[in-house]
Amino acid sequence: MKIAFIGGGNMATALIAGLAGQLPAGSLHVVDPNAEALERLQRDFGVSTAAAIGPEVGDSEVVVLAVKPQQMREVASALAPQLRGQLVLSIAAGIRIADLARWLGGHEAIVRAMPNTPALIGKGIAGMAAGGGVSPAQREAADQVMRAVGQTVWLEDEAQIDPVTAVSGSGPAYVFFFLEAMQQAAAEMGLTPEQGRELALATFTGAAQLAERSPEPVEVLRQRVTSKGGTTHAAITSMEAAGVKEAIVAAMKAAAARGRELGEELGKD
C-alpha cells in the first residue's frame, strides 16, 4: 500500500513513524511546503518528499489529509486533479465529509478520522466515519493507517465525530488540566514539584489502567476507595459541592457544540 501525506506536522509524523516499520521502503510520500520538516521526515523515516502536490500523490492508494482545517479547501482544489478513486483519509478537525467531497470535485471515497495526541507515543485512539463511496477494502486501509498509532472506534453516523472530539480528541487536555491541579495541590501542601509530578502521574496512569482491566464500572471502582468519613470521601464531597462533575459534562458538551460550529463555518461556500 502506497500512502501519501499532505502535511508533515506532529500527527502526520506520528502516523508515518507507526507505518514506517510496517510497510516496505518507498511506500510513504509526504507533501509539505516546509523544507525543514521534509528533510527531517526523509532522514528519520526514508520517505519521499515534495513541496507541492504532484503525480506521486496520484500514484498512492491512500491520501492522508493532515493539514489545518483552514487550509483544507485550498489543498483539496490542488488535490482533486490527482484523484482516480483513491481513498482520502482526513484527520482535520471540523471538516465534514460532504464539504470535502464537494471541494474535491465530487470524490466520494472519503474517511474522516478524529485522532488525539497520545498517538505521538502510539497510545492514541481515533473515532472514524466512512463516506458512502468507501469500499470495504478502503475502510480496512483507513483502519490500518490509524491503528499504526493506537486504537480505532468506527461510527455509524458522521455526526458522532463531534462527541468523539469532545471526549477523546480534546480529552488529553482535560487530563493534563486535572494533573496540573493535582500538582498544584501537592505543592501547596508542602511536597516538592518533583514529588507532586511523580505522585500525580503514577496515580493517574495506574487508575486508568486499573479501570481498563477491571470488568466493573468506574463508578463502582470509585465507591470502593471512598469510605464514608474517610479522606477520599472528604475530597469527593468537596468536588460534588463545587459541581465538578457537572462542570466537566458541560465543558465536553461545549466542545462538541464548537465542533459542529466549526464544521458549519468552514463548510460555507
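The values are calculated or read from the model by the stated rules, or taken from the named source; none is laboratory data. This one's a predicted model, so the numbers in the text were calculated from it and none came from an experiment. All Cβ positions, even for glycine, are placed from backbone atoms using ideal geometry, and neighbour counts span all protein chains on display.
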_Matching option when the condition is at pLDDT below 95 and surrounded by fewer than 12 Cβ atoms within 10 Å (Cβ to Cβ), among Lys245, Lys268_ = Lys268
*If we scan segment 75-84, do we find a residue that is crowded, with 17+ Cβ neighbours inside 10 Å and in contact (Cβ under 8 Å) with a residue 60 or more places away in the chain?*
yes
_Considering only residues that are surrounded by fewer than 17 Cβ atoms within 10 Å (Cβ to Cβ), in contact (Cβ under 8 Å) with a residue 24 or more places away in the chain and under 30 Å from Leu262 (Cβ atoms), which ones fall in segment 41-53?_
Ala52
*Taking the stated definitions as given, is Thr232 over 31 Å from the mean Cα position of the chain (by Cα) and either basic (Lys, Arg) or part of a helix (DSSP H, G or I) (or both)?*
yes
*So, in segment 14-60, of the ones that are acidic (Asp, Glu) and more than 19 Å from Gln86 (Cα to Cα), which residue ends up nearest to the chain's Cα centre (by Cα)?*
Asp32
*Restricting segment 66-97 to residues that are under 15 Å from Phe5 (Cα atoms) and of a type in the set (Gly, Ala, Ser), the residue that is modelled with the lowest pLDDT*: Ala92
*Every pair of residues 6+ apart whose Cβ atoms lie under 7 Å, when the first sits in segment 7-27 and is surrounded by fewer than 21 Cβ atoms within 10 Å (Cβ to Cβ) while the second is in a helix (DSSP H, G or I)*: Asn10/Leu120; Ala17/Phe45; Ala20/Phe45
*Check whether at least one residue in segment 230-239 is in contact with a Lys or Arg (Cβ under 9 Å, 6 or more places away or on another chain), over 29 Å from Pro163 (Cα atoms) and free of Cβ contacts under 8 Å to residues at least 12 places away in the same chain, and report yes or no.*
yes
_Anything in segment 40-90 that is under 24 Å from Met128 (Cβ atoms) and among the hydroxyl-bearing types (Ser, Thr, Tyr)? List them, or say none._
Ser60, Ser90
*asked:* Which of the numbered conditions does Asp32 fail, given that it passes all the others? Conditions: (1) more than 24 Å from Gly131 (Cβ to Cβ); (2) surrounded by fewer than 21 Cβ atoms within 10 Å (Cβ to Cβ).
replied: (2)
*Return yes when Ser60 is surrounded by 14 or more Cβ atoms within 10 Å (Cβ to Cβ), among the hydroxyl-bearing types (Ser, Thr, Tyr) and under 16 Å from His107 (Cβ atoms) and no when it is not.*
yes
